[in-house]
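Laboratory data are not the source of any read-out in this text; all were calculated from the coordinates shown. Quick caveat: nothing in here was measured; it's all calculated off a predicted structure. Neighbour counts are summed over all protein chains in view; Cβ atoms, including those assigned to glycine, are modelled from backbone coordinates with ideal geometry.
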Amino acid sequence: MNDLFYAIAQAVEKSFVMFLEPLENYFNYAVIVLGFVGLFIWLTMQSKYTKKAKDNGTIV
């Protein structure tokens, strides 16, 4: 049973090395850029909602 678990662990480790090492930091950069894009979209939408609420008189 122990050999089976070690074989599975080695297969998972090799798959990570095979797929993630060639990506290097590009995936991390993509996540950071998508985070900032999402933040910009969210802040833009929030400002529109706040302006609409002020115009309706629901926010003082």
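To test your reading of the geometry: what angle, between 0 and 90 degrees and rounded to tens, separates the Cα axis of helix 26-56 from the longest principal axis of the chain?
Roughly 20 degrees, rounded to the nearest 10.
Per the helix-only calculation at 222 nm, which mean residue ellipticity applies to the chain, given -39500 (n - 2.57) for every DSSP H run of n ≥ 4 and division by its residues, nearest 500 deg cm²/dmol?
-29500 deg cm²/dmol, from helical runs alone.
Which residue, V37, M1, N25, has the largest displacement toward the positive end of the dipole of the chain when charges sit on each Cβ (Lys, Arg +1; Asp, Glu -1)?
The residue sitting farthest along the positive end of the dipole is V37.
Quick check for me: using +1 on Lys/Arg Cβ and -1 on Asp/Glu Cβ, what's the dipole size of the chain about its Cα centre, in debye to the nearest 20?
About 680 debye.
Pairing the Cα long axis of helix 2-20 with the longest principal axis of the chain, what angle in degrees results, from 0 to 90 and rounded to the nearest 10?
50
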